[in-house]
Every structure is written in structure tokens, then in C-alpha cells.
Amino acid sequence: MRVWIIALCAGLTWLSLPAPGFAQDRDGNDTPGEWVVDHYQAFGLWDSICDYRVTGETREERCYIRYVEAFAPHPNFAAQFVFITPGPQVEFGIEPGTFFADDGFRIDAAEGKAGWAAPQAGCLVGLSCLYEGAEARTLLDAMAAGGTFVFDFIDRNGDAQALRWDLSAFGAARDDFDGQVAARGLTGAG
């Protein structure tokens, strides 16, 4: 996964990865090669994906939910993504040099539901933004409750950005992901 983050930060476009039939090779290159998508379901913004590859006689499987938003085109390409894997782990790919407003990394909850705000300082200044275990479950529960993920920040190019991610379909994506993780015997569904 770190290779994906590096590719994103370098401005490489892997945004179509992995649509059915596409994945990455062991070096992180976009190829139709080693990883074979055997489950792909879109839920609004959210993609629930599982794929596999064979190494020797061993079948390696993985499942994840992802969303990528490219908010600045070439030549100043910039994007933000979230990548959710079993564990659970929730990782946000934030461009280095990004600075969020004080309340600019939060969930505005659906009516009658509790919201959420990023408790990690690193997330707010474009550093590592990884949630694991109980922290990740709390975040995933807030996302599944619906509402809007709000990101207000100054990007690495010095431009103000206001991203809004609709969470209305996230609960269905999470259910699909959890079902695929359990069916495949992968550990740590969200």
C-alpha cells in the first residue's frame, strides 16, 4: 500500500486502479498482471474490491474499500484518498504540504447521529494519517452512520480546497467489504 501512496504523491495517475481486470504488479506498476480482481462493487463514491494473486502455490487475497478524489489537474496534480483494509485500518492519503482548517477534517453527521473530528495532529498537517483498531472502528462507525466527510484545507499548491464526500452509501460498502473479508477468511473486518 505504501507504493500506492508514493505513486499518488508523485502525481502518477492510478485512479482507475483497480477496475475489474486491472491491478498492480509486485513493483506497484499498473498492470493487468498479477493481481486479478474477483470482486468489484461500487456504492456511490465507495468501491469495495477484492483481488488475488498466486505466488508459487500460495494464493494471496486482499479486500479493501477505497475512494480517490483528484482535485487539481496536471501540471499541479493533487488528490486525496482513503484506503480501508481488514484490521481494520483506515489510511488517508494526504498530499505533503496540506494544512487543514481547525475543524476541516470531520464528519458532519446525518440528522440525529454523532459526528466525528480527526484527533490526529498528523492528519491535519499532511503527515501520516492512519487509524487502526478501536480508533478505526470508531471512524468507520461514524462513516457508516451517513452524513458528509468534510475536508477544508490549503493544498500543497497554496490553493483553498473544500472537498465533500457523501457517506450515504458507505454503510452498504462496509457491509459488502465485511462480508467479503469474512467469506475469504481474512482477518479484522471493519
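The values are calculated or read from the model by the stated rules, or taken from the named source; none is laboratory data. Here the structure is a predicted model, which means the values were calculated and not measured. Neighbour counts are summed over all protein chains in view; Cβ atoms, including those assigned to glycine, are modelled from backbone coordinates with ideal geometry. Surface accessibility is based on the protein's heavy atoms, side chains included, excluding ligands, DNA and RNA. Shrake-Rupley method; radii C 1.70, N 1.55, O 1.52, S 1.80 Å.
Determine the shape class of segment 52-181: with a ≥ b ≥ c the square roots of the Cα gyration tensor eigenvalues, call it rounded for a/c under 1.5, and otherwise prolate if a/b is greater than b/c, oblate otherwise.
Details: a/c = 1.95, a/b = 1.28, b/c = 1.53.
Since a/c reaches 1.5 but b/c is at least a/b, the shape of segment 52-181 is classed as oblate.
What FRET efficiency do you get for Leu127 and Ala160 if R0 is 30 Å and r is their Cβ-Cβ distance, rounded to the nearest 0.05?
0.90
Please work out the C-alpha center-to-center distance from segment 45-83 to segment 89-107 and express it in whole Å.
Here the answer is 18 Å between Cα centres.
Quick one: which residues, 5+ away or cross-chain, put their amide H under 5 Å from the amide H of Asp38? H built at 1.01 Å from N.
Close amide H contacts, sequence-distant or interchain: Cys50, Asp51, Tyr52.
Could you work out Rg/(2.2 N^0.38 Å) for segment 106-190, with Rg from alpha carbons only? Walk me through the numbers before you get to the answer.
Details: Rg = 14.6 Å, N = 85, 2.2 N^0.38 = 11.9 Å.
Segment 106-190 yields a ratio of 1.22.
Run the accessible area of segment 32-190 with a 1.4 Å probe and give the carbon-and-sulfur part as a rounded percent. Walk me through the numbers before you get to the answer.
Numbers: 3530 of 7030 Å².
That fraction is 50 percent.
So how strong a dipole does segment 56-150 carry about its Cα centre when Lys and Arg Cβ are +1 and Asp and Glu Cβ are -1, to the nearest 20 debye? Before the final figure, lay out each step's value.
Details: 6 positive and 13 negative charges, 17 e Å.
Its charge dipole is roughly 80 debye.
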